[in-house]
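Any read-out appearing in this document is the output of simple, stated calculations on the displayed coordinates, not a laboratory observation. Note that the structure is a prediction, hence the values are computed from the model and not measured. Here Cβ is always computed from backbone atoms with ideal geometry, including for glycine, and neighbour counts include all displayed protein chains.
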Amino acid sequence: MKKNKTMGQLLFRNIILLLILIPLQVFLLDRINFGGSVNPYLYVLFILLLPFETPGWLLLILAFLLGIIIDLFTGTVGMHTAATVIMAFLRPFVIRNISADREFESGMKITIFETGFRWFFFYTFLLVLAHHIALFYIEVFRFSGFFHTFSRALYSTMFTTLLVIVFQYIFASRKQR
């Protein structure tokens, strides 16, 4: 019974998170563009915070649906879908490689308070970087201006990572602190 209650709470929490992140991204963050180079994409937080035990097939489906929703609202025709699916595909690999010497308990949540700042920072930075590199290179669809596109991806990654960490400190459950 406790597992079902926990799964129900987790499902409810993730739906609420999605209902917050999508409008926040579409109506506020998509309007932020610092110097034509920095674009924050906080909606990726949904994929980042999914539990460790999320099966790969479900992770890819959720990433696809999230990307499609963002694409529908922003008119970007598959760019966010592709980048979010790439990020979700790389997530198990990143977790395995940065956690080689660590064992995580079943049911443990991916938060800055449960995994630790350093682990959460590297996890977030690497996955957001993969997402942003895919997104920005799909957007320009050429390698001329490679370094300009890479710098856009890097600066946007740093800003998005900062937003994710701030979001964690502000909205993470008090039980985890």
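For the chain, the 222 nm mean residue ellipticity estimated from helices alone, with every DSSP H stretch of n ≥ 4 adding -39500 (n - 2.57) and the total spread over all residues, rounds to -23500 deg cm²/dmol.
Highest mobility in the GNM of the chain, judged by mean-square fluctuation with C-alpha springs under 10 Å and restricted to GLU53, GLU103, GLU114, is found for GLU103. As a rough footprinting exposure proxy, the listed residues ARG102, ARG91 were ranked by other beta carbons within 10 Å of their own, and the order from fewest upward is ARG102, ARG91. Residues whose amide H falls under 5 Å from that of ILE110, counting only those 5 or more places apart or on a different chain, are PHE52, with hydrogens built in the peptide plane.
So how strong a dipole does the chain carry about its Cα centre when Lys and Arg Cβ are +1 and Asp and Glu Cβ are -1, to the nearest 20 debye? Could you put the intermediate results ahead of the total?
Numbers: 15 positive and 8 negative charges, 102 e Å.
The dipole of the chain has a size of about 500 debye.
With θ taken as phi - 60° and the Karplus curve 6.51 cos²θ - 1.76 cosθ + 1.60 applied, the whole-hertz 3J(HN,Hα) list for segment 144-154 is 6, x, 3, 6, 5, 5, 5, 5, 4, 5, 5 Hz, x standing for glycine and proline.
Using the number of other C-beta atoms within 10 angstrom as an exposure proxy, rank GLU139, GLU105 with the fewest first.
Details: GLU139 15, GLU105 7.
Fewest to most other Cβ atoms nearby, the residues stand as GLU105, GLU139.
Converting phi to 3J(HN,Hα) with the Karplus coefficients 6.51, -1.76 and 1.60 and the offset θ = phi - 60°, segment 66-83 yields 4, x, 4, 4, 5, 4, 4, 6, 9, x, 9, 6, x, 5, 5, 4, 4, 5 Hz in sequence order, with x at every glycine or proline.
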